[in-house]
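Enquirer: One structure is given below, represented as structure tokens, and several questions about it will come after.
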Amino acid sequence: MNGDWLTTAAVIVAGICGLALLVGGSGRIAIALFALEYLAAFWLINQNWPVGLAAVKLISGWMAGALLGTTLAEEDETSFPSGGMPGIWFRLFAGVLVVALAFSVAPAVSDALPVPPLHMLGGLLLVGLGLLQLGMTRRTLHVILGLLSVLAGFDVIYSALESSVLLAGLGAMVTLGLAMVGAYLLAKPAEEGPR
Amino acid sequence: MTAPLLWIALPLGAGGLVWLLRSRPGLMLALSLLVSGGLVVTAYLLPFDEPLRLGPLALRILPSQVVVGREFILPDSSRPLLMYFYGLCAFWTAGSFAAGLRKTLAPYGLVVAALSTAALAVRPGLYAAFLIEALVLVCIPLLSRLGRLPSPGAQRFLVLGTLAMPLYILGSWALNQAAAKPTDATLLLLTGVFLGLALALLLAIFPLFSWMTMLAGQSHPYASTLIFQYLPVTVLLLLAGILKENGWIRSGVYFQDGLRLAGGITIILAGGLAAMERHAGRLTGFIVLAQNGFALLSFSLASTQGDEITVMSFLPNALALGLLGLALAVILQHSASLDFADLQGTVQRTPVAVAGLAVGTLSLAGLPLLALFPLRYILLLEVATEHPIMALGVILGWLALLVGCFRLLAVVTGGNVRPDQYLEPQGLESRVQIVLLSLAGGALFIIGLAPRLFLSGMSGLLP
């Protein structure tokens, strides 16, 4: 019962974090939300995988967030989402539509793939909101976070299908590789200091 | 000594070492050519899994290597593939100085070739998804300079290439399940949807083709043609491997129709959009898109003849694409951009590059007497036998592609030339550029004149 309650809470946290990431905000807030999202994904994956394997996902996700955070430019730390209030409301509305779609599609997909319904819902929320984020922004940080969210959602779904140490490790490497590419793309040229 | 160690680990390590030598471009080039050329020669001379005597030493190249419980297998029959991949690496690296990428391309050529080889060698094939994702990630620094915002094309390539990975993994899982229960319609549907989407993303099949044209239009042409050469070839060979291991797929109700439709629509769309395109880089993207469409059309044939047609087109495709990339790179060094407005009268400034551009684009477009025409002709005959309407559509797309190429040539050889442009210096290519362009163009002509001589051995690339 407690486990179900916690799993439900993890799904709700994943959805709320995905919606909040859509709204945008500063880079620091985005990375904090991303870290919370990965914590929720870790809990969902932990239902199917041993805690050690699930922890690999969590740690790789947090390391990715830390790597992206260290290369954030000053303006990214304080920038606000484009489009003002109408833009925020539009993105939220689109996010709510995706959430509704995930709720409606999850039972049918859960029949096709042998994945528990809550896990399927959590995975679809992460994938759907991540894809929406990818379609709505060209800011590098948010693109990378969107990709990592989609991969987290995929991990939640796939963890119920197969348990493999090598897949977990390779997935973690891809997560870190994406973060490194993101750090490369976010890096600014070094400025000459005063003599 | 194992083949994966020699043809995967060694070039990966060499690529890393070459990358550290960026401050010495000459040494970078020499080392890359030495490694890639050496690997080609080694693949040609040394058989696998046979004892070799080198004086007092006895050597045996084993075909498989176990890494973390999974195998990388390169059997003796894969030697043509290794020669092809590393020969291309040497070919692209040799042109990197002339193309203006002297400090960047050499290490990436080795790493891309090694990752492509690894993706085809890994067992089970599920793990190829990670290696292809690694290939996508590795290519990003080649497409985007440090300290500059990434181009939308590079960003889209990263996004769509990464999205293909989970789809491929899910598709492979569904395929394994379906192989055990081939009558389960749900599993077959899941296999088709997931694997189909993954392959469509990686091959830029309609409607998921935007990354290819955006990348071609916004990146250095020589760098983008390297990616357009390795990524589609690797994915097509993966598809050939999947079809070989799971022969029941070919007999599926929707398999041939689906591939034929996807390939045909891609060709028609690519040709139609190419005919209206006004940027030489994006035009290259549409040309490559059409190649992928023709490849899918070949795979849709009932027999394995289609697979052979596809692999036989790899060599002329590679030469033409390399020639096209180099020609555009040389032209770009003497033009503001690759937009048609800036390319008018380019033939005065870079006549040899324009000649190379003509040969490259028309070869890829399949003009008669050039290298790809015989293969296109055979393919269309096969398709027309059972699906004449699709063949008609493909011919129209093919003609539209030719129109696009001729429009480009009309611009570079004529256009509205301003009076002051007549006073511009002419023949600005360096000797190295002239030699490389001439060699590649000559090779294409020779292959076109004697295709049986050069292309019949390419069927050894099939898994």
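Enquirer: Being of a type in the set (Gly, Ala, Ser) and under 12 Å from B:LEU396 (Cα atoms) is the filter; apply it to segment B:256-289 and report the residue that is surrounded by the fewest Cβ atoms within 10 Å (Cβ to Cβ).
Expert: B:GLY272
Enquirer: Something else: Taking B:LEU149 as the residue in question, decide whether it is facing chain A (nearest Cβ under 10 Å), of a type in the set (A, V, I, L, M, F, W, C) and without any contact (Cβ under 8 Å) to a residue 12 or more places away in the chain.
Expert: yes
Enquirer: Condition test on A:LEU113, is it within 24 Å of B:THR186 (Cα to Cα), touching a residue at least 12 places away in the same chain (Cβ under 8 Å) and surrounded by 24 or more Cβ atoms within 10 Å (Cβ to Cβ)?
Expert: In short, no.
Enquirer: Any idea which residue in segment B:180-195 is nearest to the other protein chains (Cβ to nearest Cβ), counting only those that are of a type outside the set (A, V, I, L, M, F, W, C) and surrounded by fewer than 19 Cβ atoms within 10 Å (Cβ to Cβ)?
Expert: Filtering segment B:180-195 for residues that are of a type outside the set (A, V, I, L, M, F, W, C) and surrounded by fewer than 19 Cβ atoms within 10 Å (Cβ to Cβ), the one nearest to the other protein chains (Cβ to nearest Cβ) comes out as B:THR186.
Enquirer: So in segment B:66-93, with the set limited to residues that are under 13 Å from B:TYR44 (Cβ atoms) and among the aliphatic types (A, V, I, L, M), which one is surrounded by the fewest Cβ atoms within 10 Å (Cβ to Cβ)?
Expert: Per the stated criteria, the residue is B:MET83.
Enquirer: Report, by residue number, each residue of segment B:122-146 that is under 26 Å from A:MET136 (Cα atoms), more than 8 Å from chain A (Cβ to nearest Cβ) and at pLDDT below 90.
Expert: The one that is under 26 Å from A:MET136 (Cα atoms), more than 8 Å from chain A (Cβ to nearest Cβ) and at pLDDT below 90: B:ARG145.
Enquirer: Could you check how many residues of segment B:243-279 are of a type in the set (A, V, I, L, M, F, W, C) and touching an Asp or Glu at 6+ places or on another chain (Cβ under 8 Å)?
Expert: So the answer is 1.
Enquirer: Of the residues A:GLY69, A:GLY177, only one is modelled with pLDDT of 95 or more, more than 28 Å from A:THR8 (Cα to Cα) and buried (at least 18 other Cβ atoms within 10 Å of the Cβ); which?
Expert: A:GLY177
Enquirer: Sort out which residues of segment B:137-146 are closer than 16 Å to B:LEU202 by Cβ and free of Cβ contacts under 8 Å to residues at least 40 places away in the same chain, and write them in order of number.
Expert: B:LEU137, B:VAL138, B:ILE140
Enquirer: Further question: Do we find that A:ASP155 is within 13 Å of chain B (Cβ to nearest Cβ) and at pLDDT below 90 in this structure?
Expert: no
Enquirer: In addition: Looking at segment B:159-174 only, could you name the residues that are more than 9 Å from chain A (Cβ to nearest Cβ) and over 19 Å from the mean Cα position of the chain (by Cα)?
Expert: B:TYR168, B:GLY171, B:SER172
Enquirer: Among (1) within 7 Å of chain A (Cβ to nearest Cβ); (2) within 12 Å of A:LEU161 (Cβ to Cβ), there is one condition B:GLN177 misses while meeting the rest; what is its number?
Expert: Evaluating B:GLN177 over (1) within 7 Å of chain A (Cβ to nearest Cβ); (2) within 12 Å of A:LEU161 (Cβ to Cβ) leaves (1) as the failure.
The values are calculated or read from the model by the stated rules, or taken from the named source; none is laboratory data. In this text the structure is predicted, and so the values were computed from the model without any measurement. Methodologically, a virtual Cβ is constructed for each residue, glycine included, from the backbone with ideal geometry; neighbour enumeration extends over all protein chains shown.
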